[in-house]
Amino acid sequence: FKYFNYDEFDSPDEKGSGEKNMSDEFILLLDKARELASIPFKINSGFRSKKHNESLRARGFKAVKNSAHLKGLAADIRTRSSSDRFKIVDALLRVGVTRIGIGKTFVHCDTDNTKTQELIWDYY
């Protein structure tokens, strides 16, 4: 990958889980999107272990039981401004990502084809 290392996608409770569980095809899409956006992509959340995902749910985060993060097909990218949010979403759409969630400080993206496609939702 040009812009990413597997460890950026590790579940916080499982060192090495990014390399073991993330889809290379998904990371390559993020690499292409990062190139198009011309801004850094800081990964807040990549792969999630079941334990970590349940911990987030217990703390009130909108982490669903069948999250694409559990399959290594999702990432949350930190955003610091509306301009960055636009650049990230635009680039993701241009590389073919069709599942995008918008939060106040992040953009979620995933390529889980078992879920409804062509959606953009918010976490507000």
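Brief remarks follow.
- Solvent-accessible surface ranking, highest first, for E25, E8 at 1.4 angstrom: E25, E8
- Net length gained if the chain between D13 and T114 were fully extended (0.36 nm per residue, minus Cα distance): 33.8 nm
- Net charge dipole, the chain: roughly 400 debye, given to the nearest 20, about the Cα centre with Cβ charges of +1 for Lys and Arg and -1 for Asp and Glu.
- Taking all protein chains together and a 1.4 Å probe, the residues V89, V97 rank V89, V97 from largest to smallest accessible area.
- When you filter the trypsin sites (Lys or Arg not before Pro) in segment 50-96 for DSSP loop state and at most 14 other Cβ atoms inside 10 Å of their Cβ, you are left with R59, K62, K65, R80.
- Heavy atoms of D13: accessible area, 1.4 Å probe, square angstrom to 10: 70
- Annotation: segment 4-94 has a Kirkwood hydrodynamic radius of 13.5 angstrom, from the mean reciprocal C-alpha pair distance.
- Taking the protein heavy atoms of the chain in the context of the full set of protein chains, the accessible area attributed to carbon and sulfur is 50 percent at 1.4 Å.
- Tensor-based shape of segment 1-49 (alpha-carbon gyration tensor, a/c under 1.5 rounded, otherwise prolate or oblate): prolate
- For the chain, the per residue solvent-accessible surface stands at 57 Å², with DNA, RNA and ligands left out and a 1.4 Å probe.
- A simple rule links phi to the HN-Hα coupling: the Karplus curve 6.51 cos²θ - 1.76 cosθ + 1.60 with θ = phi - 60°, which for segment 41-54 gives 10, 8, 7, 7, 8, x, 5, 10, 5, 4, 4, 5, 4, 5 Hz, with x for Gly and Pro.
- In the chain, helical runs assigned H by DSSP with n ≥ 4 each contribute -39500 (n - 2.57); averaged across all residues and rounded to the nearest 500, the mean residue ellipticity at 222 nm is -10000 deg cm²/dmol.
- Prolate/oblate/rounded label for segment 53-112 (Cα gyration tensor, a/c 1.5): oblate
The values are calculated or read from the model by the stated rules, or taken from the named source; none is laboratory data. Just so it is clear, the model here is predicted, and its values are computed rather than measured. In this analysis, Cβ positions are derived from the backbone assuming ideal geometry, glycine residues included, and neighbour counts consider all displayed protein chains. We work out accessible area using only protein heavy atoms, side chains counted, and drop any ligands, DNA or RNA first. Shrake-Rupley method; radii C 1.70, N 1.55, O 1.52, S 1.80 Å.
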